[in-house]
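Below is one structure, written out as structure tokens, with a few remarks after it.
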Amino acid sequence: MAQPKQKHEMYKESARKKDVRTTNIEAAKVVADAVRTSLGPKGMDKMVASPDGQVIITNDGATILQKMTVVQPAAKMLVELSKSQDVVAGDGTTSVVVICGALLKKCQELLAQGVHPTVISDSFNKAANKACEILESIAIPVNLEDRESLLRAATTSLSSKVVSQYSSLLSPMAVDSVLKVMDPNRPGLLDLRDIRVVCKSGGTIDDSEMVDGIVFDQKTAKTAGGPTRMDNAKIGLIQFQISPPKPDMENNVIVSDYTQMDRVYKEERNYILNAVKKIKASGCNVLLIQKSILRDAVSELALHYLAKAKILVIRDIERDDIEFISKTLNCLPIAHIDHMKPEKLGLAKIVEEVDCGKGSVVKITGIENSGRTATVLLRGSNKLVLEEADRSLHDALCVIRCLVTKRFLIPGGASPEMEIDLQLNDWSRTLQGMESFCVRAFAQALEVVPYTLAENAGLNPIRIVTELRSMHAAGQKYAGINVKKNAITDMVEAKVVQPLLVTTSALTLATECVRMILKIDDIVPVR
Amino acid sequence: MSVAMAAGSRLQLHGERQSGQDVRTQNVTAVSAVANIVKSSLGPVGLDKMLVDDIGDVTVTNDGATILKLLEIEHPAAKILVELAELQDAEVGDGTTSVVILAAEFLKRANELVRNKLHPTNIINGFRQAMRESCKFINRELAISTENIDNESLLNAAKTSMSSKIVGVEGDFFAQLVVDSIRAVKSVDEITERVRYPVKAVSVLKAHGKSARESRLLDGYALNLSRAAQGMPRRVVNAKIACLDMNLQKARLMMGVQVLVTDPAELEKIRARELDITKERIQKILASGANVVLTTKGIDDMALKYFVEAGVLAIRRVEKDDLKRIARATGATIVVTLADMEGNETFDPACLGTAAEVLEERISDDSITMIRGCESTKAVTLLLRGANDYMLDEMDRSIHDSLCVVKRVLESNSVVPGGGCVETALSVHLESFASNLGSKEQLAIREFANALLVLPKTLAVNAAKDATELVAALRSAHYQAQNDATGESKDLAHQGLDLIQGKIRDNFKAGVLEPSLSKTKMIQFATEAAITILRIDDLIRLDPSPEADQ
């Protein structure tokens, strides 16, 4: 569109392109800097106060970025980046953003030296692929039977969170629950939705437990004095309502005679009584009732009859939980009263209401032929701690899931980053021209991880990074920063390990994001 | 990378962001401000606060948790402190002021350390170590086990918790009331066989008039309600109580049922039937032999007539919680509906509860209904008297605190001397503990030890005594007790402040006792809260979403 004779304007145009790129990179770098201090076991927390007065204290990169509501488009890409790392690996959400920021910084330097963006982009891609190869070469294969290694990986992931002091309690929980829901024949199809985490405030995190069975946050319905404990339970999961029926359309029952009034009452009683009798006849003694928006899922009268029939009732089961419950209890959801058959019921030894802090929960234990599901009951002294514990446990679960899908461990404590740095440097010498230059820059960018880790731990970053580099150069490929001891040690011996998948996905995702940002040369706002 | 903080301003988001030292200092300032508010109400000579809300309701209180709850604090870090007080209130019930003051002091000192270039993570580690060591030390050295608890120590613990409150003047009197009432509600869990003392089972009634000394413990359960109609008897002996959770009003057909009549005579019949349905229900209840009827819902004038005729005492609009407790105490079952398994309506006499006597009493201007001689006496009522509402409310809160304290003593079986004794002993111990460590954490632990002294200091300042001198004397006594090989000055370990005389004395002998659980929890919670705030190095305040103006 620009006319060739306006040379003056062409020049301006390219300056603008440069500006756009610089602003994008700057904005993205700032985002990375924002989360940098929360990296690693000694990272700090962020407090986010939303306009409605809610406060979140967290250490989880994905959560921080999501809550920050950045507006700059390129900065938003970093938020997305952290989210996708959360989806793929579940952990390393802070690292991925920090690495991306460091890579962008290097890009800026390269651009200033006159390297074309496309060249940078392609060389970074090659470097990332090579880095993944290097990672695979230093990875240690892990056997799923080896509970000890899994525990170590979970503990490493928990170490940076507020709840780190409880990692001896939470990591076995994470490992056991993932192993429980895993199908040994099809380990790839691991669904974390099969692990139900119930949060209940009150008590401390020490009181958290993994329940062999299922836990409901609700109380049993006891307005009519129904039972709160049932041995040898036969559990029916119903999706219909036990309340006076309502036709689809607006309707009126018309009474024209006083004798009919009694009939109206009696009919209602009989209708509900019949339903309860049918339920009783199937042998069911614990009833889980799905929440209904159309009408009362269960009326007062029905509760009264159910209590008289000694049936324990749990109301307000969410629609989304039905699948999990039926899988766990090995029962079938019942959609109509006529389908109430004994073979559709689930069997369990004990169903009981247990006091739990200020409220209470219902526990079902001793389930017969239970499906591959797990339930964790998390406790915490206040909502902030509880929410953070939930997020941390989720990260630990994801770490174990990563290990199940890709069974390799690599050392933690910035050891792999340093190893990649060195090996890429060597590799770059075999390359020619710009490419070699860019790969070296890529390698240098990765030093941000050990640097930040040391900085956050209150150590001298320059001393630590140089020492680490020399040790890696001397062939100690597992050497890393041991934050607990404030020294450099062998990370495998120190039992700080993480899944391979977390780091490879962080590297590839960060590189892709950088390439994307590099290629943008204009922002066009569209109304 | 050093420009990271400066770059923070360039981060474009809907809101403002602060990071690094700014946030820490700001948080500490906010937290200290909150602590300063409650500081002057600590201890037996602490003063009260009067809080007036936007509609003019007045609360006069000395209770830290109550003050903070009413303050409507906005600063996120200060909010953590409010939650901390609430947590202490829920878990222990007492020590809410101390925990807030302690947490703020920890933070203040931690911030100083950060300014002196000690990394927050080192401080956090040090604080955690100090906290663990303190709890161990309390349980190992300071706690005095009261295996078979004598009345004396219970009374003393109750008195100590009251000493700072408005009822403190009549400490002996109220301590006795509290101990008696908590003993009366003792119950044993059937499955776990654990002895429990449910504070909730003590119901507290407040009545205007007379002096606080006229407060008394009523035997049986008191309801702040009178009978539904004047014609009913005032007193029923050998009561058979029906607990209902249903309406005894003119029957109304359910929604979606329309009455359509062509003949005016029919209309009359329908009206009559509406009345009859309720009448039949009442008759069924009466036929079972009930002579006291309690319902959570209403009773029509029309329906009252039947009760009056039968000479039955009926009370309407009973609180559901009250009804549940009455049902438990009298052995009744709460009835929601009369429907039976045949689809008809009957009232099962097995649902009735029994009590020796139900009678209406007048206390000043109010009438209350007493239920006496229940099957199990697991419910008692404390009747509080006082000059005005504010005083009664404050008395209620103080009594609640004391009830919690006595309950904790009974459950945990151990007490510690109060009056700054524990804090000073811990401080002295942690100082020597810190000296044995060779790492950076040493500094943090030492500051932790110093921070603990804020409690005895504040106690002394509030009592207008020379804090510096008293605390120094206290420290030297504890130092002697802990570094004594011969065991001669062992009893110095119980030295605490005597705030009336302005001296130090043996607080164990003087009977100033607190449950040891209260102290350990206080230190744990305060440390946890301080760490939570200390870990924050970034505060992002989001603006309301801009969608509204688009």
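We did not get these values from a lab; they are worked out from the coordinates using the rules stated. In this text, all values refer to a predicted model and were calculated from it rather than measured experimentally. Here Cβ is always computed from backbone atoms with ideal geometry, including for glycine, and neighbour counts include all displayed protein chains.
Table for the structure above
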read-out: Signed unit charges on C-beta, dipole axis of the protein assembly as shown, positive-most listed residue A:Ala414, B:Ala434, B:Ile368; value: A:Ala414
read-out: Cα centroid separation, the range B:288-362 to the range B:140-182 (Å); value: 39 Å
read-out: Shape call, the range B:401-509: gyration tensor on alpha carbons, a/c limit 1.5; value: rounded
read-out: Under 18 Å from the B:Arg234 label point (7 Å along Cα→beta-carbon), backbone N, the range B:314-348; value: B:314-315
read-out: Shielding score for B:340-351, defined as the mean number of other chain Cβ atoms within 10 Å; value: 3
read-out: Rounded FRET efficiency, nearest 0.05, which uses the C-beta distance separating B:Asn450 from B:Asp484 and R0 of 30 Å; value: 0.85
read-out: Equivalent ellipsoid, the range B:231-359 (semi-axes from 5 times Cα gyration tensor eigenvalues, Å); value: 29, 16, 13
read-out: Space enclosed by the convex hull of the alpha-carbon atoms of the range B:352-431, per residue, Å³; value: 155 Å³
read-out: Nearby lysines by direct alpha-carbon distance to A:Lys126 (threshold 17 angstrom, same-chain neighbours under 8 apart not counted); value: A:Lys106, A:Lys519
read-out: The range B:134-246, Rg to Rh (Cα coordinates; Rh as Kirkwood inverse mean 1/r); value: 1.08
read-out: Cut-off 13 Å between beta-carbons: net charge of the residues surrounding B:Asn36, Lys and Arg +1, Asp and Glu -1; value: +2
read-out: Which listed pairs, of B:Lys39/B:Lys136; A:Lys308/B:Lys324; A:Lys200/B:Lys200; B:Lys457/B:Lys519, have C-alpha distances above 24 Å, in listed order; value: B:Lys39/B:Lys136
read-out: Neighbouring partner chain Cβ atoms per residue of B:257-269, average, 10 Å criterion; value: 3
read-out: Reciprocal of mean inverse Cα separation for the protein assembly as shown (Kirkwood radius, Å); value: 33.8 Å
read-out: Ranked list, fewest to most other Cβ atoms within 10 Å of each Cβ, for A:Phe408, B:Phe106; value: A:Phe408, B:Phe106
read-out: Given charges at beta-carbon only (K, R positive; D, E negative), |dipole| of the range B:350-411 in Debye; value: 320 debye
read-out: Quotient of Cα Rg and 2.2 N^0.38 Å for chain B, N being how many residues it contains; value: 1.24
read-out: Cα-centred dipole magnitude for the range A:213-369, charges only on beta-carbon of K, R (+1) and D, E (-1), debye, nearest 20; value: 500 debye
read-out: Residue list for the range B:70-89, given a label point 7 angstrom along the Cα-to-Cβ vector of B:Val52 and an amide N cut-off under 18 Å; value: B:70-72
read-out: Equivalent ellipsoid, the range A:142-278 (semi-axes from 5 times Cα gyration tensor eigenvalues, Å); value: 51, 18, 15
read-out: Proximal aspartates and glutamates to B:Lys490, defined as alpha-carbon separation beneath 15 angstrom and excluding residues fewer than eight positions away on the same chain; value: B:Glu141, B:Asp506
read-out: Packing-based exposure ordering (other Cβ within 10 Å, fewest first) of A:Cys199, A:Cys284; value: A:Cys199, A:Cys284
read-out: For the range B:173-237, with +1 on Lys and Arg beta carbons and -1 on Asp and Glu, the positive-most of B:Ser187, B:Asn224, B:Ala201 along the dipole; value: B:Asn224
read-out: Nearest 10 degrees, 0 to 90: helix B:301-310 Cα axis against chain B principal axis; value: 80 degrees
read-out: Relative contact order (percent, whole number), chain A, Cα cutoff 8 Å, 6+ residue spacing; value: 25 percent
read-out: Spatially proximal lysines relative to A:Lys161 (Cα-Cα < 17 Å; intrachain offsets below 8 disregarded); value: A:Lys42, A:Lys46, A:Lys383, A:Lys484
read-out: Principal-axis tilt of helix B:21-39 within chain B, Cα atoms, nearest 10 degrees; value: 60 degrees
read-out: Test item: A:256-268 mean partner chain Cβ contacts at 10 Å; value: 5
read-out: Inter-centroid distance (Cα atoms) of the range B:217-253 relative to the range A:118-145, Å; value: 79 Å
read-out: Interatomic Cα distance distribution for the range A:305-436, bins of 10 angstrom, percent; value: 8, 22, 26, 16, 11, 8, 6, 2, 0
read-out: Burial ordering of B:Tyr197, A:Tyr305, fewest other beta-carbon atoms within 10 Å first; value: B:Tyr197, A:Tyr305
read-out: For peptides B:220-230, B:399-409, sequence by mean Cβ density within 10 Å, most packed first; value: B:399-409, B:220-230
read-out: 222 nm mean residue ellipticity, helices alone, for the protein assembly as shown (DSSP H n ≥ 4; -39,500 (n - 2.57); rounded to 500); value: -15500 deg cm²/dmol
read-out: Tensor-based shape of the range B:321-391 (alpha-carbon gyration tensor, a/c under 1.5 rounded, otherwise prolate or oblate); value: prolate
read-out: Cα gyration tensor shape for the range A:213-369, rounded if a/c is under 1.5, else prolate or oblate; value: prolate
read-out: Furthest towards positive pole of dipole, B:Ser215, B:Val358, B:Ala158, structure part chain B, Cβ charges; value: B:Ala158
read-out: Alpha carbon centroid spacing (whole Å) that separates the range B:489-515 from the range A:451-501; value: 52 Å
